[in-house]
Amino acid sequence: MALTRKYLKALGIEDEKIEQIIEEHAETVNALKAERDELKAAAGATADIQKQLEEAKKAAEEAKTLKEDLKKKSAEFEDYKKGVESKRAQDKKFAAYKELLKEAGVSEKRIETILKVSDLSKVELEEDGKVKGADDLKKNIQTEWSDFITTDRRQGTHTPNPPAGGSDDPDIEKMSMKEYIEYRKKK
């Protein structure tokens, strides 16, 4: 039921008082409407803030995921770098040890075979790239791999019955051309 002038007149209230009541009632209603509008606006703002909060939570989750992925990729990269550095160090050891095998006199054909079966984990390099304790290691190589070390010894063929010394042939270099021609005719 609404508060109207007709209703107030039916109650027997004077016209002057009715106007005052209606004015006061209008102020109350207007104040309530204003409060209602403020609350609606606040509710709308709260919805926007809630939406922004949800978006911020999603962004935080994505950032967390990206951070974890970054850590994982960084760890993988560090492992890769260590692997590359280890491979380079191993290659340097192989090259230095190969050179040491050559110096020890190991056949070029056998060096790769020896490298495949050699344990180079105990071989250490100096700063200049040479093998530490190279002389001792070279002696060890010469002992351990002696079957693969080539030696170049040149020796004439052994003849059990060499020809008797001296020859009946005259010295051709001291002959004249005429003497040489006659000598050749005899033979």
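The values are calculated or read from the model by the stated rules, or taken from the named source; none is laboratory data. Quantities reported herein were computed from a predicted structural model and do not represent experimental measurements. Note: ideal-geometry Cβ built from the backbone for every residue, glycine included; neighbour counts use all protein chains shown.
For this structure, a couple of remarks:
Yes/no matrix, rows are residues, columns are (1) within 20 Å of LYS93 (Cβ to Cβ); (2) at pLDDT below 75:
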| residue | (1), (2) |
| --- | --- |
| LYS109 | no, no |
| ILE114 | yes, no |
| ASP136 | yes, no |
| GLY166 | no, yes |
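- Condition check for VAL84: exposed (fewer than 11 other Cβ atoms within 10 Å of the Cβ) and aliphatic (A, V, I, L, M): yes
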